[in-house]
Structures are given as structure tokens and as C-alpha cells.
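See structure below.
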Amino acid sequence: MKPSCLIFLILSLAGVLGARPAFAQAAGELLLLDKGARAAALAGALCASPESGPFGFVYNPAGLAAQNVLAFGFEHNEWGQGMRGEYLAAASPLGSGTLAGALDYFSYGTLEVTDGNGRISGETLAPYLLGARSAYALWVRPRLAAGAQVDFYMENIGDFTELGGGLSVGAFWKSPWQGVSAGLTVRNLGLTRSGYSLPSRVILGCSWMNALVDRLALYLETGFNWVDSEAAVALAAEYQALSWLDLRLGYRPHLSMAETAPLGVTAGIGFHWQDWQLGYAVVPLGEWGWAHRLSLEMAIKPAPNLEQIPGKTAAVSSQPARKTAEDMAKQLAGVVRKRFELGLKQYQNGNYKAAIREWKMVLDIAPHHEETKEYIQKAENKWEALLDNYRQNARQARLQKDLAEEIMNWKDVLALVPGDQEAQQGLESAQKLVPAMAQAYYNAGLDDYSKGRYQEAIKNWEKVLALDPGHYKAMESIQKTKEKLIKIE
């Protein structure tokens, strides 16, 4: 948001009679204020971030699909000139998707009213904006999520009230390339009651997790605001320096030549403690100088069902409470150790999905077991790499017309991701070609045999069996040819 818009708005509000149209038009820019300290520090480049949560869904509602726990977020901002803002949001899994909602409040402070000649009338106003938004997202394909968000807001200045509403839609795609995702969103499609268009824009972004080095994430996005015919670019980097500390840096230049455009450099840090996240950001506001942002986020994970933990015994009522708690803690520690070791064995044997299941059981009991979190990330990376390798092998085999290799790799993909659309279609397409290809190899073997090229004949018939293991003619031909070679020798 341009600082000039808010400055113009503040000055316009000084004269009530002429302020109403300016108020209705310029206040729509408030919808573009970044939500949450993390987003502010990353220059708002979260269109392709899978870590949506209670703050990020504003940038692309489709990112909510990756949110699998109940989470709350709160932000308070002091902007100077008596202005302040509050933001409260929540996101929760619901059915096959994730639902989120938020309340937004912005106070313009107390303003003195002037008459048409610029003289102070002695009257004061306290204009404000109150907004509400709701979003829902779900996975429509194994790697593709879609989401939508509806907004409603009300602005008030004295006896004048303006209403507005809008719609945002988005898509989030987790690519086959390790750690790379993309997002596309159209934000703020709507009008105010007075007929002013909201600051609608289309944004395309991408993100790269574990880029260049471990625990480094890079974000890039570009957008176009067709109401003001203005393009914009944002790029950012986020590095997890410690298990409890994130470092963030962003840059968002305005491509317009406005003198009041902000410098664009943003920065911040994030602190993690158990289920809590505290974020801080410092953001340039051009003529206003620097603004400081602070937000708090909390995730509520489901409590473990102790009755389903193997080896758990009921507490004896006659035992002291402390002894009972110590016994239960020991039992839980034993379960954690056992599940972790089972996951490690599966991981070492290449059964990455099975390993992840075991380790997620560990996190159900001990949510802050850092070593387990690290191993889950490693297993997910290896599983994704294995899946990508099977896909690439299948595609390459298709180009080389190696049906047997293509079929085998598509089956390997389906073993990892049952119902995968690309693998299912590829397998069905390849299997349709098997009879004709098997017959071609069989005929080639007969031709080689008739010309005395017995080894080449056997190789062709073995290709037949690779495609159709039950092809008895190929089996008989191989057996007879091998017997003939023994006699010749």
C-alpha cells in the first residue's frame, strides 16, 4: 500500500463534506496491508507458501489446504498519527479441506474537523474500518489445491457509512521438483456500495524450500493491479538459523515512479516455542519512516489417546499421584523410543512412508521431539525423490518405446501413491500397446531364429516375456533355442 494513499486520506478526512468519496475510495487500500509479522517481513510474497495458517490465507486461500491443525493468530499494530490496527484469525481442518476466518479492525485515530475554509470547527471524528473474511481450501488433485475467500467490510466516518465486499480465488501446486511450489491468486474482486472498485490484482508466485542450503526458503512473485494499472514484484528469503529462530528478509519495490513509493526492504525474525510462534517485522513506509509489526500465533494439536498407547496400564488409585505421573511418563518415553526405532529401521530399509507413519505416532505423544521432526523431513524428501525418479524413468521409457520399463515404473508410482492420475493413465495407455508390441518382438525372434541368430532370437523373446509373462509360445521358443545351442556346442 502506498503511504501517499493514507496520507491523502488523513488530510481529506479533515474536511467532512469532501471526505466521504475520498474515504470510500482510498480506504480500500487497507485491504492490501500485510497480515502477520512473517508476511510483512517477507514483503508479502506468500502466494506460493504452503505454510498458510491464520495469516497466510489472505495471500492465497488455496494454501489453507496444507493446514492440518487448529491454529489461531493475533496481531496488533501502531502506525503513528493515532492509527492502529487489530487482526484476529483462526484456521481449522474441516471435512476434506480447511476453513479459516478472520476479523480486521483499523482505527484512523481522532481527527479534528475543519470547514471549507480550513478553519478548525472544534468537532472531532474517530473513523474506522471493520472487516470480516472467511476462506476454504481443499486438495483437488494429489499436488493441486484450490481455495476461495469472501470479504466484507464496513467503513465509518461520522454519520457516513460505506459497505464493500469482495471475492478472492487461488490455486496452489506442489510441483514434482523437490521443494518447489507455485501459486496463482486473484484478490479483491468486488465493489463498494458507492461504486468504487476494490484494489483487485492477480498474483503469480513460486517458492523453493531447502533452496541452495538446508532450511533456506526463497519466495518470488509478480502481480498486476488492473484498477490502478500498476505492476509489482516481491522476493524474499527465510532461513531457520536455530530450531527456535527464523531470520527473514524481503524486497518489494513499486514499479511505478511515484516519489512516495516505499524503499521496499523488509526484515524480521520469528521465535518458536512449543506450539507458539512470535513474529516481529520492521517495514518501510516511505514518508512515514519505519513501522514495527508484532504478531502471535498458536497451533493446537490433538492430544494423544493414552488408552491406545501399547503397554499403558491403568493407574492404581492407592498410589500417590506423583508416582502415577512418573510411571506414565516412563511408559510414554518407552513408547516414543520404540516407535522412533521402528521408524528408523523402516527408513534404513527404504520404506519411507512406513517410517513417516511411525514417527508421526511419536509426535502425537511428544510434539516437540526435534530429532523426529528432522527425520520426518529427511524421509519426506527421500520419498519425494524416489517418486520423482519413478516418474522420470516412466516418461523416459515411453520416449524410448520400452513398454516393460514404463509399465514397471508406473506400477511403482501407484504403489507409493494409489490412485495417482498420471500414473494410472500412463499405465492404461502402455498396457493397451502390450499385445501389438509383444507380437512384434515375437516375430522378430522368429526372423532371427530362421537366420541362425539364436542369441538375438532369445533376447527378443525375453522382451516378449517382460511384457507378457504368460506368453507360452515365447517360453517354448526360448527353451528349444537354448537346447539347440547346447547341442551345437
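Give the accessible surface of the stretch 347-404 per residue, rounded to a whole number of Å², with probe radius 1.4 Å and ligands, DNA and RNA excluded.
Details: 3330 Å² over 58 residues.
Ligands and nucleic acids excluded, the result is 57 Å² per residue.
Between Glu428 and Ala354, what is the spin-label point distance in nm, taking each point 7 Å from the Cα along the Cα→C-beta axis?
Each label point is offset 7 Å from its Cα along the Cβ direction, giving 3.1 nm.
Taking the Cα centre of the stretch 332-489 as origin and charging only Cβ (+1 Lys, Arg; -1 Asp, Glu), how large is the dipole, in debye to the nearest 20?
Working: 25 positive and 24 negative charges, 67 e Å.
Around 320 debye, computed over the stretch 332-489.
If all Cα-Cα distances of the stretch 78-223 are sorted into 10 Å bins from 0 onward, what percent lands in each bin, rounded to whole numbers?
Taking every Cα pair in the stretch 78-223, the percentages come to 10, 26, 31, 19, 10, 4, 1.
When the accessible area of the stretch 381-435 is split by element with a 1.4 Å probe, what percent falls to carbon and sulfur?
Details: 1590 of 3070 Å².
Roughly 52 percent, rounded to a whole number.
Can you give me the % of accessible surface on the stretch 130-249 that is carbon or sulfur? Probe 1.4 Å, all protein chains present, nothing else counted. Before the final figure, lay out the partial values.
Values: 3960 of 5730 Å².
Taking all protein chains in place, the stretch 130-249 shows 69 percent carbon and sulfur surface.
Could you sort Lys411, Lys480, Lys373 by their accessible area in this structure, using a 1.4 Å probe and putting the largest first?
Values: Lys411 110, Lys480 130, Lys373 70 Å².
Output order, biggest surface exposure first: Lys480, Lys411, Lys373.
Quick one: length gained pulling Ala385 to Gln178 fully straight, 0.36 nm per residue minus the C-alpha distance? Kindly include the intermediate steps, with their values, before the conclusion.
Working: separation 207, 0.36 × 207 = 74.52 nm, distance 0.69 nm.
That works out to 73.8 nm of additional length.
When all protein chains stay in place, what accessible area (Å², nearest 10, 1.4 Å probe) is found for Tyr87?
For Tyr87, the solvent-accessible surface is approximately 10 Å².
Note the full-extension length gain between Leu416 and Ser243 as 0.36 nm times their separation in residues minus their Cα-Cα distance, in nm to one decimal.
Working: separation 173, 0.36 × 173 = 62.28 nm, distance 3.04 nm.
This chain segment gains 59.2 nm when fully extended.
From largest accessible area down, sort Lys487, Lys35, Lys360, Lys459; use a 1.4 Å probe on the protein chains. Don't skip to the answer; put the middle values down first.
Details: Lys487 170, Lys35 10, Lys360 105, Lys459 130 Å².
Accessible-area ranking of Lys487, Lys35, Lys360, Lys459, largest first: Lys487, Lys459, Lys360, Lys35.
For the charge dipole of the stretch 355-489, defined by +1 on Lys and Arg C-beta atoms and -1 on Asp and Glu C-beta atoms about the Cα centroid, which residue among Gln392, Gly470, Gly426 has the Cα displaced farthest towards the positive pole?
Gly470
Can you give me the % of accessible surface on the stretch 56-107 that is carbon or sulfur? Probe 1.4 Å, all protein chains present, nothing else counted.
On the way: 1190 of 1920 Å².
C and S atoms contribute 62 percent here.
For all pairs of alpha-carbon atoms in the stretch 395-462, what percent lies in each bin of width 5 Å, listed from the first bin to the last filled one?
For the stretch 395-462, the binned pair fractions read 3, 18, 21, 17, 14, 11, 8, 5, 2, 1 percent.
Among the listed pairs Lys463/Lys487; Lys353/Lys432; Lys353/Lys382, which are separated by more than 19 Å between their Cα atoms? Mind dumping the intermediate values first?
Details: Lys463/Lys487 24 Å; Lys353/Lys432 31 Å; Lys353/Lys382 10 Å.
Flagged as over cut-off: Lys463/Lys487; Lys353/Lys432.
How many percent of the alpha carbon pairs in the stretch 329-379 exceed a separation of 18 Å?
Values: 250 of 1275 pairs.
Tail of the P(r) past 18 Å holds 20 percent of the pairs.
Hey, if we sort Phe55, Phe271 by accessible area with the 1.4 Å probe, largest down, what's the order? Don't skip to the answer; put the middle values down first.
On the way: Phe55 15, Phe271 80 Å².
Final ranking, largest accessible area leading: Phe271, Phe55.
The values are calculated or read from the model by the stated rules, or taken from the named source; none is laboratory data. Keep in mind that this is a model prediction, so the values were computed, not measured. We place every Cβ from the backbone using ideal geometry, glycine too, and count neighbours over all the protein chains shown. Areas reflect the complete protein model, heavy atoms only, side chains present, ligands, DNA and RNA absent. Shrake-Rupley method; radii C 1.70, N 1.55, O 1.52, S 1.80 Å.
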